[in-house]
Amino acid sequence: MLEKLKKLIEDAQKKAALAAANSINTARFNHPLAEQTDWHPMKGGGANFATHYLDSSNPDFLTFKATKGAYVFSLIFAFFGLLGMGIPLAIFFTEGMEEWGLIFFAVAFGGIFLAVGLMAFHFMTMPRVFDTFYGCYYKGRKKPIHDFESESKHAITHLSDVKAIQVLRERVRGKNSSYYSYEINLVLHDASRINVIDHGKQETVCNDAQTLATTLGVPLWDAS
């Protein structure tokens, strides 16, 4: 029953995304590349709060960084995971428990929360860097040591290949709520795209996208 409900929600989201993409009038962007570009969201789902903001204090090094909300969100999962693991273990070592299965289940359940929290922390806090001095974009805590010709596609990108900044909106439906999530994508010279960020704060996304487009000297295609 739950699988059927999940499938129905996913199908509804895909249909809504398809309808939204088909309703976008790409001619208003007055650019031949816009006709070749995919206008479906790249990332399914998305948070209903601002997970990232663009730090443009150094024009040579624009960086999308995690917000305080992103840190809190991921650390809450990790905290409850540690709590879920710690309590049954503490009870066992102080009072003893004969139900090994119950202990194992509680620790495993807490471990899942801990793993989810740590993974969320790792990926949500990973910087998205626009190094305008060296003319490249990459995602990570360290600039990759690379040869542009041999590097795997999109691991690091020439900023000269970025021809537009795309902003899209997606309706995200959950079991008890629904909201819009907004994503920023880089449109490359061959009409392929690279997703940069995706979250639920429209004003932040649009302002950051405009700053990025102005800095890189490319058009902003806002379809939010």
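The values are calculated or read from the model by the stated rules, or taken from the named source; none is laboratory data. Quantities reported herein were computed from a predicted structural model and do not represent experimental measurements. We place every Cβ from the backbone using ideal geometry, glycine too, and count neighbours over all the protein chains shown. The accessibility values were calculated without ligands, DNA or RNA, using every heavy atom of the protein model including side chains. Shrake-Rupley method; radii C 1.70, N 1.55, O 1.52, S 1.80 Å.
Under the rule of at least 5 residues apart or a separate chain, name every residue whose amide H is placed under 5 Å from the amide H of T67.
Close amide H contacts, sequence-distant or interchain: H52, Y53.
Taking the simple approach of a point 7 Å from Cα along Cα-to-Cβ for both A155 and R171, what is their distance in nm?
Taking the simple label geometry, A155 and R171 are separated by 4.0 nm.
Given H placed 1.01 Å from N in the peptide plane, which residues other than close sequence neighbours of T132 have an amide H under 5 Å from its amide H?
Amide H to amide H, under 5 Å and 5 or more residues apart or across chains, T132 pairs with F61, L62.
How big is the accessible area of L54 in square angstrom, nearest 10, if you roll a 1.4 angstrom probe over the protein chains?
Probe radius 1.4 Å; accessible area of L54 about 20 Å².
Looking at this model, which pairs from K68/K201; K65/K143; K43/K68; K65/K142; K43/K142 are more than 18 angstrom apart at the alpha-carbon?
In this structure, K43/K68; K43/K142 exceed 18 Å between Cα atoms.
Quickly rank 25-36, 61-72 as a protection proxy: mean count of other C-beta atoms within 10 Å, highest first.
Highest to lowest by the protection proxy: 61-72, 25-36.
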